[in-house]
Every structure is written in structure tokens, then in C-alpha cells.
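Quick notes on the structure that follows.
The values are calculated or read from the model by the stated rules, or taken from the named source; none is laboratory data. Note that the structure is predicted; figures quoted are calculated from it, not measured. Backbone-built Cβ (ideal geometry, glycine too); neighbour counts: all protein chains shown. Note: accessible area is taken over every heavy atom of the protein model, side chains too, but ligands, DNA and RNA are not part of it. Shrake-Rupley method; radii C 1.70, N 1.55, O 1.52, S 1.80 Å.
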Amino acid sequence: MTLAIKKVGVLGSGVMGSGIAAHVASAGCAVELLDIVIDEANPDKLAEGALAGLAKSKPALMMHPSFLKKIRTGNLRDHLDRLADCDWVVEVVKEDLQIKQDLYGRLEAHLKPGAWISSNTSGIPLKMLVDGRSEGFQQRFVITHFFNPVRYLRLLEFVKGDAVPEAEAADFRAWLEEKLGKEVVPAFDSPTFIGNRIGIHGIMSVLHLALAEKIPFEVIDSVLGEAAARAKSASFRTADLAGIDIMAATAKNVYELCPNDEVREAFKFPELLQWMLDNKILGNKTKGGFFKKDKGPDGKKLFLSLDPATKQYKPQEKKDWPLLKELKGVDDPAERVRTLLTSDTEAGRLAWRCVADNLTYAVNRLGEVTDLPLNVDNAIKNGFAFELGPFELWDTLGIARVVARLDFEQRPVPDLVRRMLAQGIEGFYRWQYGVAIAQLDPKTLAYVPILEDKNVIILKREVGKGKVIAENSSAQLIDLGDDVACLQFRTKMNALDDGIVMLMEDTVQKHVPGRFKGLVVGNQGKVFSAGANLVFVVNAAKDKQFDLIEEASRRLQYAARALTYAPFPTVAAPFQLVLGGGCEITLACQRAVGSAETYMGLVEVGVGVIPAGGGCLQMLLRMEEAMKAKGELGPMPKIKAAFQFIGTATVNTSFDEAQRNGYFRRTDVRVMNSAHLLAAAKAEVLKMAADFKPVEPRTFRLPGLGGVAALKSAVKDFQLQGLASEHDAIIMGELAHILCGGDVSPVQEVTEERILELERQAFARLCGYEKTQARMDSILTKGKPLRN
């Protein structure tokens, strides 16, 4: 990638415009956010309001509030001259061709030579947008269709005209992928492109099914969520989240602009949908859509569902389907959805009926919305948070079996699939080691290679190649090439257990020294690590095996400590959930190369204990560095900061927030594209190895019992205000004892080993409390924290 984009103009400050501005600013670019003038007394009112909205958005659209300073507000009447030094201008104004063309005519004279110009439209053809524009304008104009919310959905559909040179378009796509972290999918210039065309068909088709057969919305969602390898929000909750008006607008576009669509009637509004639009029942933003939250007479939350017959909300209907409970224990998405859709149970049959039409619809869109299956799968997975795209699902189920079932049920079968079977073609992909290596070209019925991306390491592929150095049921050590090894966890939610600790010890002591330049601690899946194995802890606590608990804590502490003091570089590659023990392992590594979307924290107080894998020690070290950088010296500033973060179970909601709070150091590296994470971590290991300096042991000066008393006094105030329970105070007392060094003189140096000893002793003591065990049970059985 040779392109450098440092400043971006965003024209339009509505939901999408402000979301794009927030994301681009979070990526480090300066932003000019301009909108129309609606108030002569305050011409910048719309853009200023959007900026104020970004500051309050939940979930946050900015990766950190400090990035707000990168956005300058203005208006489209007075400030088009500000675009003169923008490297990219993205238009996000009203979906009206005349308005867009008029704007392009006004701004073209202000554009920097070579600047990119793009539209976020999803309903107006590109060739109509650039009609009448200069050749230079057309050579730099593309459609960049983001999905909302821009920060959290990775899909970006990219449409270019014939005038745009392919090499330059490829450079722009590479920038969007690397710097904005997007999955950039090439799409044809067709109405609503790929994701919405196929995704909204899926929602509209099940809406018609639900209404025709009087199936409650929540029942359909129960089989179309995680059990079907889709987002937890399934279909109707997804519509509520995105906005029912947004979904309806997309459906209307398809209905009006695609008269030859073979299932056009699926996009036609049923009477209920029109009624919802007319009455502003638009989903979460109006506090009611297909579903609604309320409170019962006892004050407890009620989850209600819209009854199409009465147009009133009623309690949700819950089906006690054993299959869905069984599937919760299946981690592999392909196995999970295959089991669901082939099951001859009520749940399985309903799921199949909801999915079948969309499977055939996706096939029939090839050649219309894009050319190849992988583009469709990437669009659906990254735009709707599915684990498998429709063509991956065809292959998972088996094309011949799907066709046999479609024929039996007298459903239409796509002509392409008939031709594939006639020629003995059994899949849309060729697979190797569980990774697609080639995809079917529907025009030629020949497979075309899927080229490996040098920025993407797929651990499943490396395992298939025989690169495993050592393994057990919980973890693997994998050779990444170039003398770099990777320790991968593979437990449920990548929770730390004895097997992981054992291989971590062996990795540092036996496998890496003398053979590898360094180590990446990295995983692939939904989360980096959700913590430690709580089942072991609570069972041992109930059996009063406190020596066993303390020994397990000691082993985790010293395995983590080995990562810190290893005679070679150790780099953690955290992403998504990095909680409890996962956070401790990350903090213990000499460096972190983390995903921008890293949600990190020491949350142990929520289950009645304190961090016991070196987390208290690491937070003292990190907070000492952070406070020193602020000029706050002495023992108490770092202790207060560590006490607050651990005691409130703070979870940082981005890499940037974690870095500013001291969890990550300034030398740690943020990666915007999560698919590039392991390759970036590997590169960091090699960079460190070129000039490696081992970590030196450190000691502390801590206040001892005087500091403990001060912290306990603060907790007592929280108790008096009703903000902390008696058991909270006990936990906080133990935490204060650890962070202050126990019974130590303020002039005495405290070693790291002493902090670790205090930590594991406190952990074992807290496990003995029935209230702690009750908190653990609540998390394990209900998935909810208990305040007692």
C-alpha cells in the first residue's frame, strides 16, 4: 500500500455521516464534518449537534473521547474550501440524485488533485452520480458503502466505475482495510449491493412466514440466532437494532428498482410493517419494535413481543426445545448449524424453513450483485455478524443433500446448482485444512484460487500444515515461520485452565529457547480469553481444597511471570474480550499488539475474589509507569489507581481507552483490522528480537498498613452510601492489603514475589466465603453477576 490519507472530508452529519467521521477520526485522520445550513444564527448547527451526539453515543462510536478533537465542524455553504487539503471526501447526504449531483458540481473545484471522492449511497447507480462530471472526477470517484454502526460492523462495499484505474482502486481498498479495519468487498453497481440485498431478503422472507403462519417473532429468533451460526440478535431483534425504517427503506428500494427479481413479492410491505412505520414503531430508537422492554408490577424487567393480531405487546413465548440447549455446548459453528438444520425436530424444521429460501436467493444473485461466492459470504458475515455465509452453508450442509431436500419440498433449485451437480461439482469452495483455497466461478464452473494475504495468518491452516510443535487438549504451540512461535488457547471462550498453564510453562522453559526468536500469545475465534476456569475454582472451594486453589494460583502466576522475564520477546495479541486471567496474561507479556476492538479488564471482584494470576502485581507496575508519566510520584497514586480499576471491575471498551488508562504501554501497538492481528504481532516479535533487552526485576516502596487503613476508610464511605455491601468491603480490604504490600514498613522494599504471595493467599481466603461461592454460581448458572 502506497496511499497515505491524513485528512478526510465527510459531507453530511446524520447517523451514517457522523458514524463515518467518528471511525475515521478514531483511525487517526483529521476530519472536516460539514452539513447543510438550517439556522442562520448558527450555520454549523447540524454538524455541531452530531459531534455532541458522538460524545454521548452508547455504545460509543468513538474509540476514545480524545479523538473528538480531530473533527472540525462546519457547513456546506461556507466551508467547502476546507476540502482543498483533504485526501478523501466522502458524501453522505440525503438519498436524492439531484441533491448529490448539485453538491458534486459545487465541490469539484475545491478538490485536491488526486483526492478520492466517494458516496455512501446504496440506492443510486454510480453512473448516474457521476453523469456530467469531469474525467478527472470520474477517475477518482467510487462508492464506499459502510454499514451502521460504522465502528462495529466491518463490512464496506466498494463499487468502482470503468473510469477508475484498477491499480489505484486496489491501493485505496488496501488503505480502507488496513487503516480503517474494514472487510472491503467489491460489489457490482446494483440496487442495495450485496449485504442488504441478501440480508434484508432473509429478514423480509421470515417476516412473511411469521405472519402467514402466526409464529411469534421471538420463536423464529430463537432458531435463527447463535444456534444457526448467526448473530445473537437473529432476525427481528436485528431489525429493531438497525431500525425498522432502515430495513423497510432497503426493502422498498429492491421492490421498486428490481422489477425482475424472481421473489420480488418478498420485499413488499405486509400490512403490519406499514402500520409500524406509520406509528413510528421503529425498533430500539423508539423504545419499541418487534420487541419491547418494560417493567412488571414487581419492578423486574419484562421482555415483550408485538402481537400482529392485536397490535399490542404481550409476554414473549418461550419454547423449551432440548436441541437449542444442546447446541449451546457446540463451539464449531459449522457443526452447530448442520446439526440444527438437519434435525427432524420442531426447532430444526422451523430453522430450515426460515433459511431455505435465502440459500437459493443468494445463489441467484451471483452475476447480479457480485461475481464470486466469497464476496457474498464476506458481505453477509461482516455486515450481519454471521459466522458462516450462505455459500459456506451450502458446502457445510452438502449441495446434493440440500438439492434433494429442496426437490422433495417442491422448492425451486437454482439453475447454477443444477449445472454444478450435473458436472459432478460438489461445492462452491475447495477446502484445505478447513480453509477455503479456491472458489467456483459461476460463469465457467471452474475453480479460481483464493490468494493468501500476507497480512493474514490463519492458525487452522498452520495446524493443518503440520506446524504444531506441542499440544494438549487446551492449547497448542504453533510454528508461524521466520523463527516465531505462537501459543494458542483452545478451550471454551479460551478460558485459562491447567492445560494452558502447563503448555505455557513448557513453552518458555523448553520449546522456544534456542529454537525460536520469540513468542506470540494469540488465538483466533470470538474472544482472546474470557478469564480463568471458574468451574474448577468453585468446585474446589466447596470441597474446601484451599491449598489446591492457592497452588493453581501460584502456577498461573509463575507461568505469567515467565512470559515477562523470558530471555526472548513475548508479544500478546489480544482482541475482543480480554477479561480476568486473559487480561493478566496480556499484561504479563513484554509487549501487546492489540486489536482496536479490545474490551479488557480485571473483573474478578464480580465473582467475589481478586486477580490471582499476577494481575494485582501487573496493575501496580502499569499504574506506577502511568502515574510517573503524569508526574504523580510516591506510593499512593499508583495504589489508588490500581485499587479503583480492580475494585470497580473496570472494562476498557477499546484499545485506546485501555492504553490511556495504563493497561497498555505507549510502546504497545494498535491494529485496526483484526484479521491482520497475528501477522502484526509476529512482525513485532521479529522487530524486538533484533535488539532484545530482557526485563529487569523490579521492587516497590509501598505504604503498608497506613495505606490499607486509608483505602478501607474510602470503602466504608461507599458502604454508608449504599454503594458497597459488607462482602464488597471484605473483598476490597483484601485488595488493599495486597496493593499496599501487607504489613510492611514504608521504607522497606517490597519484591514482586511478595506481592504474588499476598495475592494468592487472599484469593484462597476469599474462596472460602459462601457469598463468594454464590457469586461464582450465579455467573456459571445464570450468566449474571450477583450483588450480595
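Answer yes or no: is there a residue in region 569-578 that is of a type in the set (S, T, N, Q) and either part of a loop (DSSP other than H, G, I, E, B) or open to solvent by 30 Å² or more (accessible area, probe 1.4 Å) (or both).
Taking every residue of region 569-578 in turn, at least one turns out to be of a type in the set (S, T, N, Q) and either part of a loop (DSSP other than H, G, I, E, B) or open to solvent by 30 Å² or more (accessible area, probe 1.4 Å) (or both).
If you check F172, F193, F188, which single one turns out to be open to solvent by 30 Å² or more (accessible area, probe 1.4 Å) and either more than 28 Å from the chain's Cα centre (by Cα) or at pLDDT 95 or above (or both)?
Every option except F188 fails the conditions.
Quick one: how many residues across region 38-76 are within 25 Å of the chain's Cα centre (by Cα) and not in a loop (DSSP other than H, G, I, E, B)?
So the count comes out to 14.
Any residue that is modelled with pLDDT under 95 and either under 26 Å from A774 (Cα atoms) or basic (K, R) (or both) - is there at least one of those in region 512-529?
Scanning region 512-529, I find at least one residue that is modelled with pLDDT under 95 and either under 26 Å from A774 (Cα atoms) or basic (K, R) (or both), so the answer is yes.
On the basis of being open to solvent by 10 Å² or more (accessible area, probe 1.4 Å) and either of a type in the set (V, I, T) or in contact with a Ser or Thr (Cβ under 7 Å, 6 or more places away or on another chain) (or both), does A231 make the cut?
Yes: the conditions hold for A231.
Do any residues in region 485-496 that are under 14 Å from L534 (Cβ atoms) have Cβ atoms under 7 Å from those of residues that are open to solvent by 10 Å² or more (accessible area, probe 1.4 Å) and part of a helix (DSSP H, G or I), where the two are at least six apart or on different chains, and which pairs are they?
Filtered contacts from region 485-496: L496/L556.
Would it be correct to say that L304 is surrounded by 13 or more Cβ atoms within 10 Å (Cβ to Cβ) and assigned to a helix (DSSP H, G or I)?
no
Looking at region 769-788, I want the residues that are farther than 12 Å from V537 by Cα and have a partner that is of a type in the set (K, R) and open to solvent by 40 Å² or more (accessible area, probe 1.4 Å) with Cβ atoms under 8 Å, at least 6 apart or on another chain. Which pairs are those?
Short answer, once both residue conditions are applied: S778/K784; N788/K771.
Would you check which residues across region 690-726 are within 22 Å of M619 (Cα to Cα), open to solvent by 80 Å² or more (accessible area, probe 1.4 Å) and either assigned to a helix (DSSP H, G or I) or hydrophobic (A, V, I, L, M, F, W, C) (or both) and list them?
L705, K712
For R554, work out the one condition from (1) over 23 Å from the mean Cα position of the chain (by Cα); (2) buried (at least 20 other Cβ atoms within 10 Å of the Cβ); (3) assigned to a helix (DSSP H, G or I) it doesn't fulfil.
Of (1) over 23 Å from the mean Cα position of the chain (by Cα); (2) buried (at least 20 other Cβ atoms within 10 Å of the Cβ); (3) assigned to a helix (DSSP H, G or I), only one is false for R554: (2).
All but one of (1) in contact with an Asp or Glu (Cβ under 7 Å, 6 or more places away or on another chain); (2) more than 20 Å from G181 (Cβ to Cβ); (3) polar (S, T, N, Q) hold for Q659; state the number of the condition that does not hold.
The number of the failed condition is (2).
All but one of (1) among the charged types (D, E, K, R); (2) modelled with pLDDT under 95; (3) open to solvent by less than 40 Å² (accessible area, probe 1.4 Å) hold for E584, so report the exception by its number.
So the condition that E584 fails would be (2).
Please count how many residues of region 506-527 are outside any loop (DSSP other than H, G, I, E, B) and touching a residue at least 24 places away in the same chain (Cβ under 8 Å).
9
Considering T650, T667, which residue is modelled with pLDDT of 95 or more and within 30 Å of L477 (Cα to Cα)?
The unique qualifying residue is T667.
Working only within region 63-76, note down all residues that are surrounded by fewer than 16 Cβ atoms within 10 Å (Cβ to Cβ) and of a type outside the set (K, R).
P65, S66
Only one of (1) at pLDDT 95 or above; (2) of a type outside the set (F, W, Y); (3) closer than 24 Å to L211 by Cα; (4) open to solvent by 90 Å² or more (accessible area, probe 1.4 Å) is not met by D320, so which one is it?
(1)
Out of the residues in region 77-126 meeting the condition of being charged (D, E, K, R) and assigned to a loop (DSSP other than H, G, I, E, B), tell me which one is least open to solvent (accessible area, probe 1.4 Å).
Applying the filter and picking the extreme gives D87.
Tell me which residues, restricted to region 28-62, are crowded, with 20+ Cβ neighbours inside 10 Å and either of a type in the set (D, E) or under 16 Å from C86 (Cα atoms) (or both).
Those that are crowded, with 20+ Cβ neighbours inside 10 Å and either of a type in the set (D, E) or under 16 Å from C86 (Cα atoms) (or both): C29, V31, E32, L33, L34, D35, D44.
Which of (1) open to solvent by 90 Å² or more (accessible area, probe 1.4 Å); (2) modelled with pLDDT of 95 or more; (3) of a type in the set (K, R); (4) within 29 Å of L273 (Cβ to Cβ) does R338 not meet, given it meets every other one?
Of everything listed in (1) open to solvent by 90 Å² or more (accessible area, probe 1.4 Å); (2) modelled with pLDDT of 95 or more; (3) of a type in the set (K, R); (4) within 29 Å of L273 (Cβ to Cβ), R338 misses just condition (4).
If you go through region 279-292, how many residues are open to solvent by 40 Å² or more (accessible area, probe 1.4 Å) and either closer than 22 Å to K214 by Cα or part of a loop (DSSP other than H, G, I, E, B) (or both)?
Here the count works out to 4.
Scanning for something within 28 Å of L366 (Cβ to Cβ), free of Cβ contacts under 8 Å to residues at least 24 places away in the same chain and assigned to a helix (DSSP H, G or I), does region 259-275 turn up at least one residue?
Yes, region 259-275 contains at least one residue that is within 28 Å of L366 (Cβ to Cβ), free of Cβ contacts under 8 Å to residues at least 24 places away in the same chain and assigned to a helix (DSSP H, G or I).
Could you grab me the full set of residues in region 747-776 that are open to solvent by 80 Å² or more (accessible area, probe 1.4 Å) and assigned to a loop (DSSP other than H, G, I, E, B)?
Answer for region 747-776, where residues must be open to solvent by 80 Å² or more (accessible area, probe 1.4 Å) and assigned to a loop (DSSP other than H, G, I, E, B): V747, Q748, Y769.
Restricting to region 413-466, what's the tally of residues that are within 33 Å of the chain's Cα centre (by Cα), at pLDDT 95 or above and of a type in the set (A, V, I, L, M, F, W, C)?
Counting residues in region 413-466 that are within 33 Å of the chain's Cα centre (by Cα), at pLDDT 95 or above and of a type in the set (A, V, I, L, M, F, W, C) gives 14.
How many residues, within region 610-639, are in contact (Cβ under 8 Å) with a residue 60 or more places away in the chain and open to solvent by 20 Å² or more (accessible area, probe 1.4 Å)?
The qualifying residues number 3.
Considering only region 777-785, I want to know if a residue exists there that is within 21 Å of A612 (Cβ to Cβ), open to solvent by less than 10 Å² (accessible area, probe 1.4 Å) and of a type in the set (S, T, Y).
No, region 777-785 contains no residue that is within 21 Å of A612 (Cβ to Cβ), open to solvent by less than 10 Å² (accessible area, probe 1.4 Å) and of a type in the set (S, T, Y).
Can you tell me which residue is farthest from G389 (Cα to Cα) among those in region 429-457 that are without any contact (Cβ under 8 Å) to a residue 60 or more places away in the chain and touching a Phe, Trp or Tyr at 6+ places or on another chain (Cβ under 9 Å)?
Y447
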